[in-house]
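What follows is a short report on a single structure.
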Amino acid sequence: MRILFVSAVFPYPLTSGGQVRIYHLLKVLSKKHRITLFSFIRSDRERDLTGRLPFLKEIKTAYRGKRLTLPYLYRTLTGPYPLLLTSYDNARMREMLTEETAAGGYDLVHIEPFYVYPSLPRISIPLVVAEHNIEHVVYKGTADTFGFALLRPLLRWESRRIGEWEGKVLKNADAVTAVSAADAGYLRQFNPRLAVIENGVDTVKFSYRARNFPVELKTVLFFGNFLWYPNVEAVTRLVRGIWPDIRKRFPDLALRIVGNRAPRRFNRPREGINVVGVVPDIVSELHHADCLLAPFGFSGGTKYKLLESMAAGLPVITTYAGASGLQFSDNEHLKIAETPAEFLSAVATLTQRNSGWSRITGNARKLVEERYCWEAIGQKLSDLWEKTAK
């Protein structure tokens with residue numbers, strides 16, 4: 001089939017969860033379908049990266065730029081859309097898509113995520129809308145925990161408006177995808193024609209490293225893209241509420257904070273906290289750390305950091321919010337902790353005999369191989385496309 005795929009982000013480099021997902025889905029699905037990508041970009045540097053996607057038939061881009069600018073803010077206050085959707089209400093993208101769809105030949109349009117909808121012209125071919133999270137719920141969580149209290153009412157207003165448009169867009173789709181059964185349960189109220197297309201992991205790149213337990217604790221890890229606020233909230237909770245007790249119990253233990261826009265304000269070498277930022281090889285970080293600590297207070301979708309850590313054999317200690325959306329069992333694939341005392345206790349088990357971590361990390365790798373492989377996930381989306389196009 002010929003697919004017109006509209007993406008909110010250019011799927012390279014793989015620095016955010018959205019980029020990882022879209023890149024791997026396009027790579028897998030292009031083996032079976034002829035896909036033309038229309039993508040928003042934030043800089044000219046991204047346009048120069050089109051050669052990194054040789055498996056696509058054609059790539060066209062439109063500049064979006066930064067969201068927090070006066071033109072976008074003015075249009076948000078005077079127009080129909082919340083700020084998130086206003087930033088994708090793009091005349092150039094709409095013009096290109098109008099020309100492309102008018103030329104005909106496409107079997108289906110796929111947009112990912114839903115908030116690129118304002119740039120979509122009227123079309124007469126089937127539309128699939130993909131959700132990465134329940135977006136307005138993530139915004140509400142951001143509003144409830146945002147450090148600058150005066151902005152919380154504005155963020156809650158944005159959340160409500162996003163929720164209204166989220167429902168409208170999904171109702172207009174011929175099919176919808178969610179990344180987890182939990183998200184799907186909520187989204188079906190807007191559209192029953194819904195399939196769960198999970199997030200996945202590259203099990204070749206994130207190779208499994210078997211470990212000998214108990215370990216002599218040296219390094220624990222938190223990594224992610226810190227442009228996504230739930231990561232900021234989680235690492236703040238880790239540094240301020242959880243790490244002091246762990247460091248007191250294990251004074252030689254270090255915490256490494258890795259990723260795009262990692263918050264330098266938490267770089268505290270005397271307290272064992274090292275903010276590293278972007279690294280050339282995240283797999284090496286996973287292989288050399290002793291565990292992942294991921295104390296999310298809220299979130300949505302599923303977390304790539306958990307899938308990648310589980311694939312690499314890194315013990316995972318997280319909250320129920322952090323593991324939401326994954327088909328896991330506590331003490332079977334990872335360990336759940338909610339309070340600082342529970343995180344300390346879970347970390348301590350890494351140094352104890354008969355802790356079960358060899359079994360847990362082995363089970364975690366088996367789970368991602370069986371359920372979160374991109375080839376199998378891509379086939380599920382391909383099946384949905386073919387069913388919807390008919």
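Here's a check for you: in the range 2-17, which residue that is at pLDDT below 95 and not polar (S, T, N, Q) is farthest from GLY200 (Cα to Cα)?
Step one: of the range 2-17, the residues at pLDDT below 95 are 13-17.
If we keep only those that are not polar (S, T, N, Q) too, we end up with 13-14, 17.
Details: PRO13: 17, LEU14: 13, GLY17: 10 Å.
In this case the residue turns out to be PRO13.
Please determine, by comparing only the residues of the range 281-308 that are of a type in the set (Ser, Thr, Tyr) and in contact (Cβ under 8 Å) with a residue 40 or more places away in the chain, which one is nearest to GLY200 (Cα to Cα).
Applying the first criterion (of a type in the set (Ser, Thr, Tyr)) to the range 281-308 yields 284, 299, 302, 304.
So of that shortlist, the ones also in contact (Cβ under 8 Å) with a residue 40 or more places away in the chain come out as 299, 302, 304.
Working: SER299: 17, THR302: 9, TYR304: 7 Å.
So the residue we want is TYR304.
Could you grab me the full set of residues in the range 146-160 that are among the hydrophobic types (A, V, I, L, M, F, W, C) and within 23 Å of the chain's Cα centre (by Cα)? Working first, answer last.
Pass one, the range 146-160, residues among the hydrophobic types (A, V, I, L, M, F, W, C): 146, 148-151, 154-155, 157.
The answer is PHE146, LEU155.
Give the range 317-335 a look and list any residue that's over 13 Å from ARG365 (Cα atoms) and in contact with a strand residue (DSSP E or B) (Cβ under 8 Å, 6 or more places away or on another chain), or say none.
The answer is ILE317, THR318, THR319, TYR320, GLY322, ALA323, ASP330, LYS335.
What residue, among those in the range 331-376 that are surrounded by fewer than 21 Cβ atoms within 10 Å (Cβ to Cβ), touching an Asp or Glu at 6+ places or on another chain (Cβ under 7 Å) and free of Cβ contacts under 8 Å to residues at least 60 places away in the same chain, is farthest from LEU293 (Cα to Cα)?
Going through the qualifying residues, I end up with ASN363.
Can you give me the number of residues within the range 218-265 that are at pLDDT below 95 and hydroxyl-bearing (Ser, Thr, Tyr)?
Residues meeting the conditions: 1.
One line per residue, one yes/no per condition, for (1) within 25 Å of ARG75 (Cβ to Cβ); (2) at pLDDT 95 or above:
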| position | (1), (2) |
| --- | --- |
| TYR117 | yes, yes |
| PRO121 | yes, yes |
| VAL128 | no, yes |
| GLY141 | no, no |
| THR145 | no, no |
| TRP157 | yes, no |
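Just to be sure I understand the filter: pairs with C-beta atoms under 8 Å, separated by 6 or more residues or on different chains, first member in the range 77-106 and touching a residue at least 24 places away in the same chain (Cβ under 8 Å), second member part of a helix (DSSP H, G or I) and among the small types (Gly, Ala, Ser). Which pairs pass?
The qualifying pairs are TYR88/SER119; ASP89/SER119; ASN90/SER119; MET93/SER119; ARG94/SER119; LEU97/SER119.
Hand me the list of helices (runs of 4 or more DSSP H) wholly inside the range 96-209 holding 3 or more residues that are among the charged types (D, E, K, R). Steps first, please.
Numbers: elements: 135-145, 152-171, 181-187.
In the range 96-209, 135-145, 152-171 are the helices (runs of 4 or more DSSP H) which contain 3 or more residues that are among the charged types (D, E, K, R).
Mind checking which residues of the range 34-59 are hydroxyl-bearing (Ser, Thr, Tyr) and either within 16 Å of GLY105 (Cβ to Cβ) or not in a strand (DSSP E or B) (or both)?
Selection gives THR36, SER43, THR50.
Does the range 210-222 contain any residue that is in contact with a Lys or Arg (Cβ under 8 Å, 6 or more places away or on another chain), free of Cβ contacts under 8 Å to residues at least 40 places away in the same chain and closer than 20 Å to ASN133 by Cβ?
There is no residue in the range 210-222 that is in contact with a Lys or Arg (Cβ under 8 Å, 6 or more places away or on another chain), free of Cβ contacts under 8 Å to residues at least 40 places away in the same chain and closer than 20 Å to ASN133 by Cβ.
Tell me the residue from PHE190, PHE206 that is touching a helix residue (DSSP H, G or I) at 6+ places or on another chain (Cβ under 6 Å), of a type outside the set (Ser, Thr, Tyr) and closer than 30 Å to ASN267 by Cβ, please.
Values: PHE190 fails: closer than 30 Å to ASN267 by Cβ.
Of the residues listed, the single one that is touching a helix residue (DSSP H, G or I) at 6+ places or on another chain (Cβ under 6 Å), of a type outside the set (Ser, Thr, Tyr) and closer than 30 Å to ASN267 by Cβ is PHE206.
Out of curiosity, is ALA103 touching a strand residue (DSSP E or B) at 6+ places or on another chain (Cβ under 7 Å) and in the same structural domain as TYR186 (by TED's automatic domain parsing)? Full working, then the answer.
Details: touching a strand residue (DSSP E or B) at 6+ places or on another chain (Cβ under 7 Å): no; in the same structural domain as TYR186 (by TED's automatic domain parsing): yes.
Against the criterion (touching a strand residue (DSSP E or B) at 6+ places or on another chain (Cβ under 7 Å) and in the same structural domain as TYR186 (by TED's automatic domain parsing)), ALA103 does not qualify.
With respect to LEU68, determine if the residue is surrounded by fewer than 13 Cβ atoms within 10 Å (Cβ to Cβ) and over 30 Å from LYS380 (Cβ atoms). Break it down stepwise before answering.
Details: surrounded by fewer than 13 Cβ atoms within 10 Å (Cβ to Cβ): yes; over 30 Å from LYS380 (Cβ atoms): yes.
Here the answer is yes, as LEU68 does meet what is asked.
The values are calculated or read from the model by the stated rules, or taken from the named source; none is laboratory data. This structure is a prediction, so every number in the text was calculated from the model and none was measured. Cβ atoms come from the backbone with ideal geometry, glycine included; neighbour counts cover every protein chain shown.
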